[in-house]
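Below you'll find the structure, written out as structure tokens, and then a few comments.
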Amino acid sequence: MIEISETLQGILDTLPNKPGCYLMKNKTGNIIYVGKAVNLRHRVRSYFHDNGGQHPRTRQLVQNIIDIEWIVVDTELEALILEMTLIKKHRPIYNIRLKDDKRYPYIKVHWADAFPKISVTRRMVNDGSRYFGPYTSVWAVHQTLDVLRKIFPYLTCDREITGQDKRACLYYDIKLCSGPCIGMINKHNYRNMINDLCEFLDGRTEEIVNRLELDMNEAAESMAFEKAATIRDQIRAINQIVEKQKVVSTEEKDSDIIALAREDRDACVQIFFIRNGKLIGREYFILEGTEEAQDQEVIKEFLKQFYSEAANIPSTVLLPNDIEEMNIIRQWLNTKRGGDKIDIIVPHEGTPVELMNMAKENAVETLKALRSQWEADTNRQEEALADLQAVFQLSEPPNRIECYDISNTQGTASVGSMVVFTQGVPNRKLYRRFNIKTVEGPDDFASMEEVLTRRFKRWFNAQENHNIGRKVDESFALLPDILIVDGGKGQLGKAIKVLEAFNLTEKIKLVGLAKQEEELFFPHRPDSVKLPRNSQGLYLIQRIRDEAHRFAITAHRKRRTIMGLASQLDKVPGIGSHRRKLLLNHFGSIEGIINASDEELLSLPGIHAGIVEAIRNYLE
């Protein structure tokens, strides 16, 4: 058995042999895991068996458990429902959970009102309204409503609808409202229109179009040509959208197809919504806490959390693989559908397999795109900074990280780059480049020494200027918490030498990053350190290094271009380094200088008629 406190042992000894949920807490009283069990005593006690096969994350969970609460229920189904409620409420860090699930938007149709309006909400309330969702993008929801409003012009104002108003609002004039306020549509017809909107969101368009065509023909026969034309435009708009909905099955079934993509710590679930045999939409969801979970467990937890919040549940759900607790989840979904039977299927052949593969491919591509955008994800930045805090043994997460790189072409036009990340995000206004001045030839080690020496001389000068009230350059006014040099032990040795010269070895954590194996080299340590491949801290270090490399190459190319321009200007008699710099700074290029008028050239200080004539003779 694992070593257990007396208090915890007392709890384990008194656990009942009944179904229920358990809540595990850490030393601060926070709930860190919620689980359910058919037999609470057997399930909870199993965590504390000395089992070498446990995942590291599970072992870490057990080490943090100080207290356990439990709740007894009558059935496994009740335990399932209670577990979902508790996970949603407490969002324990060791549970698999939908990311940002409290913020998913729904389309709400206020059906209980006499003249229902449409709105966007983030929670469902049992108030007689109809709901559609959840969706992952509120922007996409509003885009959808913009389209729907042109087809089904629902009202958006707060007027009390009597049909007796003398004037309608502007929306009626631009055909974005059907005008119930002035009696242009009665209550019955308005509610029929909103019902059509609901059917449209459910993917049931064929009956709508058939009925609208009958209405259009009746209007035309009655010579109500303007009304007939309006209905005709309505039908066209619906058909344009329907044409984009892919027909995937000859069976007019409603089904959801669920696929999973994973990479390192990330898990992305993609859902295809099939209604009446047509693919009417898709959504993706990101899950947290999936690091060591099997695919089956991730899918199982997604099903429970998504369908606990879903406004509509289809008759069939297709999964990529079998899951545990399939029967109890099916039983729960049947109750959610009001007793209607639901099929949960793992397809093995035919069109369903093709659809599953398509959903899988979309999940993979979505996850790939999201990973490239994670720089703006604050939670991951915090996780990355926490990783680096541990690796560098800092008292708090690093605020400022600097990285340096050298770029040259066979020793010419050598440039050093300095990039600065604050709170895990690039702070580009603090980036600086250093044109190498003292090094001849391709000596990156000496170039790095020059760059770092110049950087910390500027820090020293900034301190002096600050003390006497002078303005200082923000790029150099503060010291980094972590300093990264791009390279292995050689670059690290030069950096150590500079920090020792400025007595900064105790103030700055230094590391060299070798590209090939992504090894970290620390001062005075013979062996390198490799962070886990899925470590957010490693991802952050790699991004900082790549940014320093990009900035160095860009600065080097710019300098090489300028040197090429300068060599042409050097041929012009009377133009030295001062005039050359003046001309290039003002006109930007040789072509700009050539195309400048004599008056523009003469307007610069130190440029006289003889210089202008020489420029024309030598450059043109």
query = Based on the Cα gyration tensor of segment 570-619, what are the three equivalent ellipsoid semi-axes, each the root of five times an eigenvalue, rounded to whole Å and given largest first?
reply = 13, 12, 11
inquiry  = Starting from the 7 Å offset along Cα-to-Cβ, what nm value, one decimal, do you get for the label separation of L8 and V346?
reply    = 3.5
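Only counting other Cβ atoms within 10 Å, I'd like W459, W332, W111 sorted with the fewest neighbours first. If you can, show how the numbers build up before the last one.
On the way: W459 19, W332 22, W111 15.
Going from least to most buried by this count: W111, W459, W332.
Taking the Cβ of W459 as the center, what net charge do the other residues with Cβ under 13 Å away carry, scoring Lys and Arg +1 and Asp and Glu -1?
Working: positive: R400, R432, R454, R455, K457, R458, K507; negative: E402, E464, D473, E474.
Computed value for this residue: +3.
Pairs to check: K89/K278; K227/K336; K18/K304. Give those whose C-alpha atoms are more than 31 Å from each other in this structure.
On the way: K89/K278 36 Å; K227/K336 42 Å; K18/K304 22 Å.
The pairs that break the limit, which is 31 Å between Cα atoms, are K89/K278; K227/K336.
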ask   = When the chain is fully extended, how far beyond the present Cα-Cα distance does A369 get from N465, taking 0.36 nm per residue of separation?
value = 30.0 nm
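Given 0.36 nm per residue, what is the gain on full extension from K187 to E291 after removing their alpha carbon distance, in nm? Numbers along the way, then the final one.
Numbers: separation 104, 0.36 × 104 = 37.44 nm, distance 5.39 nm.
Computed gain between K187 and E291 is 32.0 nm.
How charged is the neighbourhood of Y154? Take every other residue with its Cβ under 15 Å from the Cβ of Y154, and add Lys/Arg as +1 and Asp/Glu as -1.
+4
Which order do the peptides 545-557, 18-30, 594-606 take when ranked by the mean count of other beta-carbon atoms within 10 Å per residue, highest first? Can you show the working numbers first?
Working: 545-557: 19.2, 18-30: 17.0, 594-606: 12.5.
In descending order of packing, they fall as 545-557, 18-30, 594-606.
Using Cα pairs under 8 angstrom and six or more residues apart, how large is the relative contact order of segment 318-388, in percent?
On the way: 27 pairs, mean separation 21.0, N = 71.
Averaging sequence separation for qualifying contacts and normalising by length gives 30 percent for segment 318-388.
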query = Under the classification rounded if a/c is under 1.5, otherwise prolate if a/b is larger than b/c and oblate if not, where does segment 320-380 fall, given a ≥ b ≥ c as square roots of the Cα gyration tensor eigenvalues?
reply = oblate
task = Give the Rg (one decimal place) followed by the Dmax (whole number) of segment 103-246, computed from C-alpha coordinates and expressed in Å.
result = 15.6, 50
message = Need one number: nm distance between label points at E506 and Q240, each 7 Å from Cα along Cα→Cβ, rounded to one decimal.
response = 7.3
task = Enumerate the residues in segment 473-489 having an amide nitrogen under 17 Å from the point lying 7 Å beyond the Cα of K530 toward its Cβ.
result = 488-489
query = Near K253, which aspartates and glutamates are there with a Cα under 16 Å away, not counting those fewer than 8 places off in the same chain?
reply = E199, D202, E206, E207, D340, D343
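With an 8 Å cut-off on Cα pairs and a minimum separation of 6 or more residues, tell me the relative contact order of segment 81-187 in percent. Walk me through the numbers on the way to the answer.
On the way: 134 pairs, mean separation 20.8, N = 107.
It rounds to 19 percent for segment 81-187.
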task = Compute the distance in nm between two label points, each set 7 Å from the Cα along the Cα-to-Cβ direction, one at Q164 and one at A140.
result = 4.6
remark   = Checked the chain against the a/c 1.5 cut and the a/b vs b/c comparison, axes a ≥ b ≥ c from its Cα gyration tensor; verdict oblate
request  = Can you bin segment 200-333 into rounded, prolate or oblate? Criterion: square roots of the alpha carbon gyration tensor eigenvalues sorted a ≥ b ≥ c, rounded for a/c under 1.5, prolate for a/b above b/c, oblate for the rest.
outcome  = prolate
request  = Sticking to Cα atoms, compute the Rg of segment 6-95 to one decimal and its Dmax as the biggest Cα-Cα distance, whole number, in Å.
outcome  = 12.5, 33
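Quote to one decimal, in nm, the extra length available between D67 and R400 on full extension: 0.36 nm per residue of separation minus the C-alpha distance between them.
Numbers: separation 333, 0.36 × 333 = 119.88 nm, distance 3.81 nm.
Additional length available on full extension: 116.1 nm.
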query = Can you give the relative contact order of segment 103-246 as a percent, counting alpha carbon pairs under 8 Å and 6+ residues apart?
reply = 17
task = Give the span of segment 272-372's Cα atoms along each principal axis, as three whole-Å numbers ordered largest to smallest.
result = 43, 32, 27
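Do any trypsin sites (Lys or Arg not before Pro) in segment 423-529 lie in a loop, going by DSSP, with at most 16 other beta-carbon atoms within 10 Å of their beta carbon, and if so which?
Here the trypsin sites (Lys or Arg not before Pro) that fit, given the DSSP loop and packing criteria, are K437, R470, K471, K507, K515.
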key: Derived scalar couplings ³J(HN,Hα) [segment 88-96; Karplus, 6.51 cos²θ - 1.76 cosθ + 1.60; whole Hz; x for Gly, Pro]   = 5, 6, 9, 6, x, 5, 9, 8, 6
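Under 20 °C and 1.002 mPa s, how fast does segment 40-190 diffuse according to Stokes-Einstein, given a Kirkwood radius computed over C-alpha pairs? Answer in µm²/s, whole number.
Numbers: Rh = 20.2 Å.
Roughly 106 µm²/s, to the nearest whole number.
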request  = Could you pull out every one of the aspartates and glutamates with an alpha carbon less than 20 Å from that of K581, ignoring same-chain neighbours closer than 8 positions?
outcome  = D570, E591, D598, E599, E600, E613, E620
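Throughout, read-outs are computed from the coordinates displayed, never taken from laboratory work. These numbers come from a predicted model, not from an experiment. Positions of Cβ are backbone-derived with ideal geometry, glycine not excepted, and every protein chain shown enters the neighbour counts.
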